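Chemist: The structure under discussion is supplied below as structure tokens; questions concerning it will follow.
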Amino acid sequence: PPQPPPAGGGGGGGERRLSSRHAHESLLDAPALEVLVERVARAVGDMDTPKISLARFGQGDLALFMPCGKERVDKHGNTLYVAFNVNCPGHFLHPTSLQNFLTHDPQRAESYCLGRLTLCYESTADDDDELNLGSEARPFHVCYAEPILRDECEA
């Protein structure tokens, strides 16, 4: 498979197992959500129309990755994250990128990862065992992404 561009932070080690237990809490706070949308808009450079890709995923696009659930884990024991999509299934966040999100914003990464895609390629379970998708019969996509939001303490 293609090699990812250099990224800041960790390998694919699975020091921490993730769940989506905080997802409902982060979606209930409307003022916090408004602040988050403004931060995303500043991070992508367009205050009026930040756009998250839903139906195509290519280099430079913004993608929202959500946890699949604790029963679907990569070979390191971390929950798999899949891109939120419309008729474009099977785009998984690579464990190296997940570790980068966990390093820069661990609390937010428990619920979702919002980032700019740096690499996305098609793969099969035979080609790529990093995601532990041995039961996946059809091809899937492996995505590398850089966080566009950072923990407030880094700002």
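Chemist: Rolling a 1.4 angstrom probe over the protein chains, ignoring ligands and nucleic acids, what is the accessible area of K51 in square angstrom, nearest 10?
Modeler: Result for K51: roughly 140 Å² accessible.
Chemist: Quick one: which of 106-117, 52-63 comes out on top by average Cβ neighbours within 10 Å, and what's the full order, highest first? Could the numbers behind the result be given before it?
Modeler: On the way: 106-117: 19.5, 52-63: 14.5.
Ranked by mean Cβ neighbours within 10 Å, highest first: 106-117, 52-63.
Chemist: Suppose each label sits 7 Å from its Cα in the direction of the beta carbon; what would the R116-R138 distance come out to in nanometres?
Modeler: So the two model labels end up 3.1 nm from each other.
The values are calculated or read from the model by the stated rules, or taken from the named source; none is laboratory data. Nothing here was measured: the structure is a model prediction, and the numbers come from that model. Cβ: placed from backbone, ideal geometry, glycine included. Neighbour counts: every protein chain shown. Calculation scope for accessible area: heavy atoms of the full protein, side chains included, ligands and nucleic acids excluded. Shrake-Rupley method; radii C 1.70, N 1.55, O 1.52, S 1.80 Å.
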